[in-house]
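These notes concern the structure reproduced below.
The values are calculated or read from the model by the stated rules, or taken from the named source; none is laboratory data. What you see is a predicted model, and the numbers here were worked out from it, not measured in a lab. All Cβ positions, glycine included, derive from the backbone under ideal geometry; neighbour counts span all protein chains shown.
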Amino acid sequence: MSSWPSTQPIVVWAAPRAWSDQLFLWWTLDALAREHVDLSRVYRAAPVTYHPLAATGGAPRPELARALAQAQPIAPELVDASRELWRSFVSPSPLPFDELRRADPSSIPDLASIAEPHGWWFPRLIDGRLRPSEMDELLLYAFDDEWRGPSALLRGARTDDITDRLINVYGDWIIVARLMEWVGRGVLEYQRRDGAGWGQHAFRITDVGCRLRDECMQSVADAPAIYTGGCRTHDPARPFVRVVESGGWRLAL
């Protein structure tokens, strides 16, 4: 920031309902405050993207121009709320952030809905049974005992969920990486093929995978660890789970 003239405004781009953009907004405001930047110079541009969960990169050029022209100053209460959210998000425990999410502060309308993806990678406790996370379940249900490439995720009854919730929010890079982690657990088998991109890979589910997917997990450690903010999920030493209840969910240890 030292090279940016102190008289010039700073514009932070964040699509209003995109999880990744909101995280970027919170991180940026926390960083600017820690660097003692005059926050009266900071404006927020909120473009409307092609899909409610898509980030700013999914906005057409005319929408970017409109959002820039209508950029709004950052209110002090938004700065305070953003800093608290960011610091709780990067904590090793996800519980403080989950409490803030469920409190739905007035400074960030619809936070509970915007932050819904925070719980998508945690194993779920449903009616006393431990189930894979929502995202892992989406991935595993795309495969059976036939060899299939990752493109199988884009066909079938759950295609919209894969596109809307996984690819729009996290991108497609995570898909093969996560499937390969499941291969390491004996849940999927892997076959390398001639081809490019996704065409290089093929998977099929094992008997172990079918039992885990269709019945239940014996332990959170049955699934590969993945970081959600500062929390390492599927850690048997700190077995955080998503408790599914009537009317919503919460995280618990």
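Numerical summary
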| read-out | value |
| --- | --- |
| Out of G199, G186, G195, sole residue that is outside any strand (DSSP E or B) and more than 14 Å from R148 (Cα to Cα) | G186 |
| Some residue of the range 143-163 being without any contact (Cβ under 8 Å) to a residue 60 or more places away in the chain, surrounded by fewer than 16 Cβ atoms within 10 Å (Cβ to Cβ) and over 25 Å from Y50 (Cβ atoms) | yes |
| Single condition D110 does not satisfy, out of (1) assigned by TED's automatic domain parsing to the domain that holds T49; (2) free of Cβ contacts under 8 Å to residues at least 60 places away in the same chain | (2) |
| Considering residues of the range 14-33 that are aliphatic (A, V, I, L, M) and in contact (Cβ under 8 Å) with a residue 24 or more places away in the chain only, the residue nearest to G230 (Cα to Cα) | L23 |
| Where A71 falls short, out of the listed (1) under 20 Å from G229 (Cα atoms); (2) surrounded by 15 or more Cβ atoms within 10 Å (Cβ to Cβ) | (1) |
| Test: residue in the range 154-170 that is at pLDDT below 85, more than 25 Å from the chain's Cα centre (by Cα), in a helix (DSSP H, G or I) and over 23 Å from T228 (Cα atoms) | no |
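Here's the yes/no breakdown for (1) surrounded by fewer than 19 Cβ atoms within 10 Å (Cβ to Cβ); (2) touching an Asp or Glu at 6+ places or on another chain (Cβ under 7 Å); (3) outside any loop (DSSP other than H, G, I, E, B):
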position: P16; (1), (2), (3): yes, no, no
position: L25; (1), (2), (3): no, no, yes
position: L29; (1), (2), (3): no, no, yes
position: S40; (1), (2), (3): yes, no, yes
position: Y43; (1), (2), (3): yes, no, yes
position: Y50; (1), (2), (3): yes, no, no
position: A54; (1), (2), (3): no, no, no
